[in-house]
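Colleague: Take a look at this one; I'll ask things after.
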Amino acid sequence: MLNDVYTMIWKEWRELFTSRAVGRGTLLSTLIILGILGVFLPLQVGAEWFTQPLTLMVWAWMPIFLTLGMVTDSFAGERERHTLETLLATRLPDAAILLGKVLAAVLYGWGVAVLSLLLAALTLNLSLGGGPRFYTPPFFATALGFSLLSTGLFAGLGVLASLRAATARQAYQRLSLILLVFYFLPFGVQFLPADWRLTILGALMRLDLTSVMAGVMGALLVFNLAVLSLCFRRFQRARLLLD
Amino acid sequence: MSQYAIRTEHLSRAFGALRAVEDLTLEVPAGILFGFLGPNGAGKTTTIRLLLGLLPPTAGTAFVLGYDVRTQANAIRARCGALLEHAGLYERLSAADNLEFFGRVARLPRDERQARIRQLLTDLGLWERRGEPVVTWSRGMKQKLAIARALLHRPDLLFLDEPTAGLDAVSAAALREDLVRLARQEGITIFLTTHNLSEAERLCQQVAVIREGRLLAVGSPEALRRQRRAPVHLVTSGLTPAVLEGLRATFGVEVIQSGEADGHWAVNLGPQQSVAPLVAYLVQHGVAVEEVRREHVSLEEVFLSLVQENEHAE
Ligand SMILES: Nc1ncnc2c1ncn2[C@@H]1O[C@H](COP(=O)(O)OP(=O)(O)O)[C@@H](O)[C@H]1O
Ligand SMILES: [Mg+2]
């Protein structure tokens, strides 16, 4: 099973990085993200980069953008280019195809996130001089966890949007709609009754950063699992062909 | 494995009110090239999807290589190769990478995989161009590559859905040649759909004809042709109206004057009737028989008359 997942990832990455049509674009956008997150922003922020969790949280999910094209293309693209049915006619188990598609995107996006964290540390050590500096272990672990979970969530949503879409473009539009909902979710707070709002605000004020982060991570994990199980539910060989 | 590569019993698949495959009962012996013939929309592709477990049947059952399509589709897919409606190649990847991927999918060990890829590509004359992205290839080359992909893991059964559709006559002939050679080399069963009758006649030991999801006929192309009444042309002299009447009465055949010239007759024999007794009868009655010629019925004519007969029946 793991072997089959790896085979799928191998194929996805092969298309992503080495093909003439896409490979150069992938490399370029990867380099741009690495440049921004690993060099430009750390230089702007300075030594606080290692200690300011919020700065990091704001940027840590940026590599998600790298994976949006990939996940929306995952099934819809194969359907559009007429390779899906042949893939489904192989011995690959459903789970391997689905997990391979999700993981190929997650590992790429998260890999870039981890690389940029490390590159940022290198950049800052070089530019600031003095003794070696690094993120504190809990801070580093949180950053890794946060970017993994957020990449996972969006990869899952993208694949979900792609499963039954006729074209990659249509999948992209569906994902955009989902993202829009996420974006405007915080604005929904104003429609809550006033006393509810006060209670929520009060509760938030009393929390320390660690609890907030723990809450966010917990929620992300739950969302991840929910989206993944939705993907599994919607992934049925017969249903994928009917479109 | 049983003697049948494929066995279906009342296999049916409906899409809403449309019955794409209806009550299909069929046996495909192992080791032959089997042709599945039918006009567009007859249900050929749907049948292949049912047999590969890509679509669940709405009724009936099917066993492929002894496995139940409803419950053992994974085992079926592991032992079959398929070239479906579309070549199904990753066009952004090179030919070698395409085969590498499907070789890994089939879990061929590295050395074996590489040797097999080399053997197949060399055999099909594609080895030199293995590094090129498939998108740059001609349709004929892509179809060959797709066949290599389908054969890569040495399947017991190969499904080919209209493999020569869209190819020019030369590439189609080349592909057919490769197919027959490879089939023999690998000793596998091939289930091939086509609406090209001369293709089926040339390639297949057995054919089935379907239309609107229903099986109309099955057998060797030879046998199907024999079922049709092929007129026998006679050139005679001294055939009197009395002898003609006797001929009709004795054999129960239709004899008509063919337009060519005096003394030219066309006799419509029944499916099982042979010409010899007829000629003997004529000679006995003092008719000189100068020429006897049996008309050749192509599979295409058989096919057309089957399809049309069925149309009238409705
Ligand atoms: N997924 C589907 N949904 C609805 N109708 C379908 C579907 N697939 C095939 N059909 C219909 O079933 C019939 C048989 O189609 P098909 O098996 O593709 O025929 P063939 O391959 O012989 O040309 C056609 O009328 C086709 O429109
Ligand atoms: Mg078809």
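Colleague: Return the residues of region B:79-91 that are surrounded by fewer than 20 Cβ atoms within 10 Å (Cβ to Cβ), within 8 Å of another protein chain (Cβ to nearest Cβ) and not acidic (D, E); say none if nothing qualifies.
Modeller: B:H86
So that you can scan it fast, the table gives a plain yes or no per residue for (1) surrounded by 16 or more Cβ atoms within 10 Å (Cβ to Cβ); (2) at pLDDT below 85:
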residue	(1), (2)
B:V207	yes, no
B:G238	no, yes
B:N268	no, yes
B:S274	no, yes
B:V279	yes, no
B:L306	yes, yes
B:H312	no, yes
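Colleague: Now for a separate question. Looking at (1) of a type outside the set (S, T, Y); (2) closer than 21 Å to B:Q272 by Cβ; (3) surrounded by 15 or more Cβ atoms within 10 Å (Cβ to Cβ), which is the only condition B:V243 fails?
Modeller: B:V243 satisfies all of (1) of a type outside the set (S, T, Y); (2) closer than 21 Å to B:Q272 by Cβ; (3) surrounded by 15 or more Cβ atoms within 10 Å (Cβ to Cβ) except (2).
Colleague: Right, A:A161: part of a helix (DSSP H, G or I), aliphatic (A, V, I, L, M), within 20 Å of the chain's Cα centre (by Cα) and within 14 Å of another protein chain (Cβ to nearest Cβ) or not?
Modeller: Numbers: part of a helix (DSSP H, G or I): yes; aliphatic (A, V, I, L, M): yes; within 20 Å of the chain's Cα centre (by Cα): yes; within 14 Å of another protein chain (Cβ to nearest Cβ): no.
So A:A161 does not fit the description; no.
Colleague: Just name the residue that is farthest from ligand 2 (Cβ to nearest atom) out of those in region A:224-243 that are more than 15 Å from A:G158 (Cβ to Cβ) and in contact with a helix residue (DSSP H, G or I) (Cβ under 8 Å, 6 or more places away or on another chain).
Modeller: For region A:224-243, the residue satisfying everything is A:F232.
Colleague: Considering only region B:157-169, state which residues are more than 16 Å from ligand 2 (Cβ to nearest atom) and surrounded by 20 or more Cβ atoms within 10 Å (Cβ to Cβ).
Modeller: Of region B:157-169, the ones more than 16 Å from ligand 2 (Cβ to nearest atom) are B:157-158, B:168-169.
Within region B:157-169, B:L157, B:L158 qualify.
Colleague: Would you confirm whether or not region B:131-144 contains a residue that is in contact with a Ser or Thr (Cβ under 7 Å, 6 or more places away or on another chain), more than 26 Å from B:L55 (Cα to Cα) and either charged (D, E, K, R) or crowded, with 22+ Cβ neighbours inside 10 Å (or both)?
Modeller: Looking for residues that are in contact with a Ser or Thr (Cβ under 7 Å, 6 or more places away or on another chain), more than 26 Å from B:L55 (Cα to Cα) and either charged (D, E, K, R) or crowded, with 22+ Cβ neighbours inside 10 Å (or both), one finds at least one in region B:131-144, hence yes.
Colleague: Determine which member of the set B:Q284, B:Q272, B:Q257 is under 30 Å from B:R211 (Cα atoms) and free of Cβ contacts under 8 Å to residues at least 60 places away in the same chain.
Modeller: From the options B:Q284, B:Q272, B:Q257, the qualifying one is B:Q272.
Colleague: Taking the condition surrounded by 12 or more Cβ atoms within 10 Å (Cβ to Cβ) and touching a residue at least 40 places away in the same chain (Cβ under 8 Å), does A:F232 pass?
Modeller: Details: surrounded by 12 or more Cβ atoms within 10 Å (Cβ to Cβ): yes; touching a residue at least 40 places away in the same chain (Cβ under 8 Å): yes.
Against the criterion (surrounded by 12 or more Cβ atoms within 10 Å (Cβ to Cβ) and touching a residue at least 40 places away in the same chain (Cβ under 8 Å)), A:F232 qualifies.
Colleague: Scan B:L37, B:L24, B:L89 and give me the residue that is of a type outside the set (D, E, K, R), touching a Leu at 6+ places or on another chain (Cβ under 8 Å) and more than 16 Å from ligand 2 (Cβ to nearest atom). Don't jump to the end; show me each part of the working.
Modeller: Details: B:L37 fails: more than 16 Å from ligand 2 (Cβ to nearest atom); B:L24 fails: more than 16 Å from ligand 2 (Cβ to nearest atom).
Among B:L37, B:L24, B:L89, only B:L89 is of a type outside the set (D, E, K, R), touching a Leu at 6+ places or on another chain (Cβ under 8 Å) and more than 16 Å from ligand 2 (Cβ to nearest atom).
Colleague: Show the residue pairs meeting these rules: Cβ distance below 6 Å; 6+ apart or different chains; first residue within region B:179-205 and of a type outside the set (F, W, Y); second residue in a helix (DSSP H, G or I).
Modeller: B:I190/B:A183; B:T193/B:K44; B:T194/B:A200; B:L197/B:L299; B:L197/B:E300; B:L197/B:F303; B:E201/B:P221; B:E201/B:L299
Colleague: Still on this model: Tell me yes or no: at least one residue of region B:47-59 is more than 16 Å from ligand 1 (Cβ to nearest atom) and either facing chain A (nearest Cβ under 9 Å) or not basic (K, R) (or both).
Modeller: First, pick out the residues of region B:47-59 that are more than 16 Å from ligand 1 (Cβ to nearest atom): none.
Looking for residues that are more than 16 Å from ligand 1 (Cβ to nearest atom) and either facing chain A (nearest Cβ under 9 Å) or not basic (K, R) (or both), one finds none in region B:47-59, hence no.
Colleague: Also: Looking at the structure I just gave you, is A:T123 at pLDDT 90 or above and touching a strand residue (DSSP E or B) at 6+ places or on another chain (Cβ under 9 Å)? Give the derivation first.
Modeller: Working: at pLDDT 90 or above: yes; touching a strand residue (DSSP E or B) at 6+ places or on another chain (Cβ under 9 Å): no.
So A:T123 fails the test.
Colleague: Which of the residues that make up region B:11-40 are farther than 20 Å from B:V307 by Cα and either away from ligand 1 (no atom under 13 Å from the Cβ) or under 14 Å from the mean Cα position of the chain (by Cα) (or both)?
Modeller: Matches in region B:11-40: B:E27, B:V28, B:P29, B:A30, B:G31, B:I32, B:L33.
Colleague: Got a sec? Which helices (runs of 4 or more DSSP H) wholly within region A:50-132 have at least 3 residues that are more than 19 Å from the chain's Cα centre (by Cα), closer than 20 Å to A:L37 by Cβ and aliphatic (A, V, I, L, M)? I'd like the intermediate steps shown before the answer.
Modeller: Details: elements: A:53-60, A:64-73, A:76-80, A:84-88, A:94-128.
In region A:50-132, the matching helices (runs of 4 or more DSSP H) lie at A:94-128.
Colleague: Also, I was wondering about something else. If B:G43 satisfies all but one of (1) near ligand 1 (Cβ under 7 Å from one of its atoms); (2) touching a residue at least 40 places away in the same chain (Cβ under 8 Å); (3) surrounded by fewer than 21 Cβ atoms within 10 Å (Cβ to Cβ); (4) of a type outside the set (D, E, K, R), what's the number of the condition it fails?
Modeller: Answer for B:G43: the failing condition is (3).
The values are calculated or read from the model by the stated rules, or taken from the named source; none is laboratory data. The structure presented is a predicted model; accordingly, all values stated were derived computationally and were not measured. FYI the Cβ positions are ideal-geometry reconstructions off the backbone, even for glycines, and counts take in every protein chain you see.
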